[in-house]
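Let me begin by presenting the structure, written as structure tokens, before commenting on it.
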Amino acid sequence: MYYLKIAFRNFLRHKFSSLINLVGLTTGLSCAFFIYLWVQDEFTINKFHEKDDRLYRVMEFQTYSNEKFATNSTPGILAENLKLDFPDIRYAATTTWINPALLSHENTYFKEEGYHVGEDFFHIFTYPLLAGDPQTVLKDKTSICISRDLAIKFFGSIESAIGKTLRYEDDRNFIVSGVFENITEKSTYVFDFVLPLQDFLDRNNWATQWGNNGPHTYVVIQDGVDPETVTNNIAGYIKSKEEDSNVELFLKKYSEQYLYGKYTNGIPDGGRIDYVRLFSIIAIFILVIACINFMNLSTARASKRAHEVGVRKAIGADRSRLIRHYLGEAILIAMFAMLLSYLIVLLFLNQFNEITDKAISLRLSPEIVITSIATILITGILAGSYPALYLTQFNPVQVLNGEIKSSDGEIWARKGLVVFQFTITIILIVGVIVIQKQTQYAFTKNLGYSQDNVVFFSQDGGIPDQRETFFTELRQIPGVVHAGGTSHNMVYQQSNTSGLKWAGKSPEERILFENIRVDYDFYETMDFELTAGRWFSREFGADTTKMVINE
């Protein structure tokens, strides 16, 4: 208590320098705290599933031009066949990709996101069912399972939703067979309804063929089974179904793919974990800068406190006790700074979530409490160690006679700390400038087509069946200059093939081509520049045997 009282009095006596120290540490701790919360959240994504230790995604290695590419896409019939042919696989389910769709009941319409999934879906993933049986909820291909929020929006309650009919894309009806809890923000997949996979397969015959990919496959292996063994067993499964296949299957732990999803020529090569590591290093650098700033300011005012040291030594205080006292002061300031940083994080957490697209909440969990205490101690000791050691080395006789002089070592130490501090600061500033320039370059680079005044939206409901009528009406809208359709977004990799052949091509060579299907007016809409040849035109009939390739 005595030391706390002395530390507090000293803080009041040197208000300006103490305030600078406090603001510097608070700023550094706040930045580091925000980064810590973000990093902690990154490591929790997809970890909430009860079968996480046995939940895997089935992926493919495809070889083109002697290079291996990893992909999440698999045949639509892979899951059910893996479950039948490999006893080590307990559950297996195929899913399609999440898309927005128009759902309606009587005169109520909502556009929601959902997808088609296999029967084992609710056995594999922990999306708790509030109503319905996981064994049967997806057995009937006319069933639909919806979220709690969607059930309340359409029917007022969970109980009222069961057995009711929802119309999908104004095309066909589905009966609500189950209601699941709203998806947590810790999931990479966020959706409000699921449909039986069989409905998708009935309408997309290509997905039932072993040579076509698109859907995703997830499995839960039997308890105690080695995933490497399963990977080795299933590796050549696609080749056993299609002789000329270049596909090799492998398992990737589902919860790890979020952070470790990048492959280079068939070898794991980081992924989002690179950003986690980078920001963790930045947080450490920021704390180090704040601590160095504390050291320099404390050491700079050492002469003002030298007489205090001399008097206390003269009346019997030994050096170890003085070191503890000054370290205690530093830890006390670090504690105040941490409390203020909590307040800053609370005030700006909503804005931080908007910037990072997160839903982080600040809860005083044991991990945060332990981390905070450790940070206070480390920061206090790191920031206060040099001033404590420097101040307590003074000889009391020299101090009281005013004979203190800064040694060459002390001067060089302070200069070295300043140089180190500014070096890190300059590196961070240059890094920010480079990132800003790269972002600006990405936004302004000529992609080969016009991006100005172009609006992209999906074709819902009955539009795909009445495309020409829809585009004719669209062109009548004042301000619309051109209108055209495409099978998918220009900047997505969504559809590709290695099935192109031409005179002189080696039969053994496989080359992957990304392709999209477009309407006649897509060329004028996107303002492509033709190097040679012509675009698709109604003047030449259906043009169904023509293609346009890039340079």
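The values are calculated or read from the model by the stated rules, or taken from the named source; none is laboratory data. All of these numbers come straight from a predicted model, not from anything done at the bench. As a convention, Cβ positions derive from the backbone with ideal geometry for all residues, glycine included, and neighbour counts pool all protein chains shown. Accessible surface is based on the protein model in full, side chains and every heavy atom, while ligands, DNA and RNA are left aside. Shrake-Rupley method; radii C 1.70, N 1.55, O 1.52, S 1.80 Å.
Excluding ligands, DNA and RNA, the accessible surface per residue across the chain is 57 Å² with a 1.4 Å probe. Under 14 Å of direct C-alpha separation, and excluding same-chain neighbours fewer than eight residues apart, residue 47 reaches these aspartates and glutamates: 185, 256.
For segment 164-272, the C-alpha radius of gyration divided by 2.2 N^0.38 Å, with N the number of residues, is 1.37. Toward the positive end of the charge dipole of the chain, with +1 on the Cβ of Lys and Arg and -1 on the Cβ of Asp and Glu, the farthest Cα among 545, 273, 196 is that of 273.
When the charge dipole of the chain is built from unit charges on Cβ atoms (+1 for Lys and Arg, -1 for Asp and Glu) and taken about the Cα centre, the candidate among 227, 176, 337 whose Cα reaches farthest toward its positive end is 337. Placing a pseudo-label 7 Å from each Cα along the Cα-to-Cβ vector at residue 136 and residue 149 gives an inter-label distance of 3.0 nm. Taking amide H atoms as placed 1.01 Å from N in the peptide plane, the amide H of residue 91 lies under 5 Å from those of 220, each 5 or more residues away in sequence or on another chain. If R0 equals 60 Å, the separation of the Cβ atoms of residue 175 and residue 321 corresponds to a calculated FRET efficiency of about 0.15.
Computed from backbone phi with θ = phi - 60° and the Karplus coefficients 6.51, -1.76 and 1.60, the 3J(HN,Hα) list for segment 113-130 is 9, x, 7, 8, 9, x, 4, 7, 3, 7, 7, 7, 9, 8, 10, x, 7, 8 Hz; x is used for glycine and proline. Ranked by the mean number of other Cβ atoms within 10 Å of their residues, highest first, the peptides 343-352, 130-139 fall in the order 130-139, 343-352. The amide H of residue 270, built 1.01 Å from its N in the peptide plane, has 262 as neighbours under 5 Å, considering only residues 5 or more places off or on other chains. Shape call for segment 56-203 from the C-alpha gyration tensor, a ≥ b ≥ c root eigenvalues: rounded (a/c under 1.5), prolate (a/b greater than b/c) or oblate? In terms of gyration-tensor shape, prolate.
One Cα centroid belongs to segment 326-360, the other to segment 463-518; the line between them spans 50 Å.
Calculated from the alpha-carbon coordinates, segment 71-143 shows an Rg and a Dmax of 14.6, 48 Å respectively. Computed from phi, the 3J(HN,Hα) profile of segment 211-220 under the Karplus parametrisation 6.51, -1.76, 1.60 (θ = phi - 60°) reads x, 10, 10, x, x, 10, 10, 10, 9, 10 Hz, with x in place of Gly and Pro.
The gain in end-to-end length when the residue 543 to residue 494 segment is fully stretched comes to 15.3 nm, 0.36 nm per residue minus the alpha carbon separation. Normalised by the number of residues in the chain, the average gap of Cα pairs under 8 Å and 6 or more apart makes the relative contact order 17 percent.
Of the DSSP H helices in the chain, those that are both long (alpha-carbon extent of 30 Å or more along the helix axis) and hydrophobic (Kyte-Doolittle mean at least -0.5) are 15-42, 273-300, 319-356, 366-391, 408-444.
Surface composition of the chain: carbon and sulfur atoms hold 56% of the protein heavy-atom accessible area at a 1.4 Å probe. Magnitude of the charge dipole for the chain, about its Cα centre and with charges confined to Cβ atoms of Lys, Arg (+1) and Asp, Glu (-1), is about 3660 debye.
Ranked by the mean number of other Cβ atoms within 10 Å of their residues, highest first, the peptides 430-443, 283-296 fall in the order 283-296, 430-443. Computed over the chain, the range of Cα coordinates on each principal axis works out to 103, 59, 54 Å, biggest value leading. In this structure the amide hydrogen of residue 144, modeled in the peptide plane, comes within under 5 Å of the amide hydrogens of 175, 176, 177, 178, none closer than 5 places in sequence on its chain.
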